[in-house]
Structure formats: C-alpha cells, structure tokens
Amino acid sequence: MIKPRPRIVDLSEIDPNRRRGGDLRAMLTPATVGSTSGFMGVAIIQPGERIGEHYHPYSEEFVYAVCGKLEVDLDGDPHPLRPEQGLMIPAYMRHRFRNVGDREARIVFHLGPLAPRPQLGHVDTEENEVALAAEGAEAGGARSADRGQVRS
C-alpha cells in the first residue's frame, strides 16, 4: 500500500455536484488525496436551496457551519445551525440541510469511517428536483421510483 502524501486541494479544482441540491464538493477523498479513514468537503447552499434528505449507514458526519442561516432536519426534527457551530450526525440518522436565510450558506463536512465501497456510503431518502431532472435527461425522460436506493 502506498502511503498518502500531503496535498493541498483548492475548491476550484473540484467540480460541483448538484445531484442532491446545493453545490457539494468532496475535496479530500480517497480519489483526490488517497485518504483512508474518511473524506472532507464543502457544501455551498444558496438562499432557498436544500440538500435532500439522506443518511450514511457506515459513517458519522461532522459538520461545521462557516456562514449563512441554516436549518438541519435530524430524523425529521428541525434544528437551527448557525455560523461557528459544529454538529455530529450519527450513522443512520436521516438529515437534510436548508438555507433559510437571504445569503449563501457554507458548511464543511467530514465523514468517517469510509464505507466498504463508495456507492454504499450514501442513501437518499427523498428525491430532489435536480436529481429528477438529471435522471430524466439520462433516461430520455423516463425515471424510476428509486426511493431509498443506495447511491454514491
């Protein structure tokens, strides 16, 4: 096994992932830096946007709110999440982030440990408009009812 080397990754190097809402950028991952115990990224959420509800069956998620006015639903219960607050989300807990303010919100997230395979690490529990549009384009307008399907 090759020992990972330190590497600085700039936000601009990572393409936005908008499938679940917001702009998610997994920056420090096994693929980008060779991490072996977890991964870290940034979520940029515009006013009125949300990151769809999901859970992680293998990982705890650690979140730090950098800026903006957020609400996080934890197993259906809403909680405010303000700048300079941290949150630990246990494995299997359903969660969704919503920007309820009038400015961009940013959170830093870290998940660990890693799932046995990336596609097992994230389970969507609701569909969002961005994901539906992407599925429709990929399937030529046809979409499947895949509620609860494991996705990467």
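The values are calculated or read from the model by the stated rules, or taken from the named source; none is laboratory data. On a predicted model such as this, the values are computed, not experimentally measured, just so you know. When we count neighbours, we look across all protein chains shown, and the Cβ atoms used for this are built from the backbone with ideal geometry, even at glycine. Only protein heavy atoms, including side chains, enter the accessible area calculation; ligands, DNA and RNA are left aside. Shrake-Rupley method; radii C 1.70, N 1.55, O 1.52, S 1.80 Å.
Tabulated data for the structure shown
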read-out: Tally of residues being open to solvent by less than 30 Å² (accessible area, probe 1.4 Å), more than 20 Å from SER12 (Cα to Cα) and not in a loop (DSSP other than H, G, I, E, B) across the stretch 34-51; value: 1
read-out: Residue check, TYR64 open to solvent by 40 Å² or more (accessible area, probe 1.4 Å), free of Cβ contacts under 8 Å to residues at least 60 places away in the same chain and not acidic (Asp, Glu); value: yes
read-out: Subset of the stretch 102-117 that is free of Cβ contacts under 8 Å to residues at least 60 places away in the same chain and out of contact with any His (no Cβ under 8 Å at 6 or more places or on another chain) - its residue that is most open to solvent (accessible area, probe 1.4 Å); value: ARG103
read-out: Answer from TYR92, TYR58 - the residue that is open to solvent by 50 Å² or more (accessible area, probe 1.4 Å), in contact with a Phe, Trp or Tyr (Cβ under 8 Å, 6 or more places away or on another chain) and outside any strand (DSSP E or B); value: TYR92
read-out: Qualifying residue in the stretch 12-26 (condition: surrounded by 15 or more Cβ atoms within 10 Å (Cβ to Cβ) and of a type in the set (Asp, Glu)); value: yes
read-out: Residue count for the stretch 76-89, restricted to those that are part of a strand (DSSP E or B) and either open to solvent by 50 Å² or more (accessible area, probe 1.4 Å) or farther than 22 Å from MET40 by Cα (or both); value: 6
read-out: Filtered residues of the stretch 29-52 (kept if touching a Ser or Thr at 6+ places or on another chain (Cβ under 6 Å) and closer than 20 Å to GLU126 by Cβ); value: none
